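Colleague: Please find one structure pasted underneath; my questions will follow.
The values are calculated or read from the model by the stated rules, or taken from the named source; none is laboratory data. Being a predicted model, the structure only gives us computed values, none of them experimental. Here the Cβ is made from the backbone with ideal geometry for all residues, glycine too, and neighbour counts use every protein chain on show.
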Protein chains: 2
Amino acid sequence: PAIPKKAPPVENRLVCSLEELYIGSTRKMKISRNIVDAAGNINHVEEILTINVKPGWRKGTKITFPEKGNEQPGFIPADLVFIIDEKPHDIFKREGNDLIMSQKINLTDALTDFNLTVVTLDGRQLLVPLNEVVYPGYEKVIAKEGMPGKEPGKRGNLRIKFDVRFPAKLSSEQKVVISQVLPRESYR
Amino acid sequence: PAIPKKAPPVENRLVCSLEELYIGSTRKMKISRNIVDAAGNINHVEEILTINVKPGWRKGTKITFPEKGNEQPGFIPADLVFIIDEKPHDIFKREGNDLIMSQKINLTDALTDFNLTVVTLDGRQLLVPLNEVVYPGYEKVIAKEGMPGKEPGKRGNLRIKFDVRFPAKLSSEQKVVISQVLPRESYR
């Protein structure tokens, strides 16, 4: 007998939020397909497929359900493939396993001791003490607060990039005090 | 008789500094070429060509010396063409008729009244009072201090872009004063 032919895989996009890719999630997909019963009749059925999205999965990760395509007498059903896509996040941008965020800070907070609170992708309030001088473009790296890696130890970092906002105007009195208090040297 | 043929123009680059294109200059070029005398003999001669570079000339401006190529019996000599090119300048970048410069400024000067001195392309000391708050990326536009235009009224602007340098560190005492003097609101 002839070798049964197999149709090429059927690919679908599975869009996940960054939160799902951080914590993991369970996604159920309803699919409809044709199956062939013992008598050779084609029946249209609906099925639920479950995907356990694992923490650290990236855009492009493929999940294959073998032979879950339409059945047809004399053919091997196609594989059904889901490809992970990443929904853009309002706050965090993913770069590999690192998470990047932009943070506006006003000049007063940038120059003095300031505690920034960052809400993580799993909802924790992360306290980031900023006792150093925060300059425009400064990047604060919080180790191991990025995305989970494939191996437990490979977690990425959280990188906070600062945009320092300046006061719209200053009075003559304020300028006098500023010129007295700010250093004239040791600028970076 | 046959119509005499003319060779295609010979093109040369004439690199000018931004100062030359701002003030104008006189450039003398020694060229060597063959000329045919009355007896039909070919002689190799050297000539000096003068180009009066006009204020406001741009990269790509062409100056043509008609028929200054090699002479050859029975041919019309080629035109000699000089094409203006602009030498990159250490301080100014030209954008159309505007001049752009980047200026580092320390935070103290950025926040207080400060007079910046800019040496123009014609060597003047231009005083630029900065009484406003200079923030990172701020652009100060000095009208009519750019490159000359083709028409006298079309002179471009000078645009100074600021990069504000922050102190490397501040003491606790300095931080206390800063948090007292800088505003908490009205940040741009």
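Colleague: Scanning the stretch B:122-146 for residues that are surrounded by 15 or more Cβ atoms within 10 Å (Cβ to Cβ) and under 18 Å from B:H89 (Cβ atoms), which turns out nearest to the other protein chains (Cβ to nearest Cβ)?
Modeller: Applying the filter and picking the extreme gives B:I142.
Residues checked against (1) in a strand (DSSP E or B); (2) over 30 Å from A:K144 (Cα atoms); (3) modelled with pLDDT under 95:
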site	(1), (2), (3)
A:L14	yes, no, no
A:E20	no, no, no
A:M29	yes, yes, yes
A:R33	yes, yes, yes
A:G40	no, yes, yes
A:I51	yes, no, no
A:K68	no, yes, yes
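Colleague: Residues that are within 25 Å of A:V53 (Cα to Cα): list the strands (runs of 3 or more DSSP E) wholly contained in the stretch A:105-188 that include at least 1 such residues.
Modeller: The strands (runs of 3 or more DSSP E) meeting that bar are A:114-119, A:125-130, A:158-165.
Colleague: Six or more apart or on different chains, Cβ under 9 Å: which pairs go from a residue in the stretch A:48-74 that's outside the structural domain of A:G24 (by TED's automatic domain parsing) and closer than 30 Å to A:G156 by Cβ to one that's modelled with pLDDT of 95 or more and not acidic (D, E)? Could you list them?
Modeller: none
Colleague: Sticking with this one: Out of all the residues in the stretch B:147-187, which are small (G, A, S) and facing another protein chain (nearest Cβ under 7 Å)?
Modeller: Listed by number, the residues that qualify are B:A168, B:S179, B:S186.
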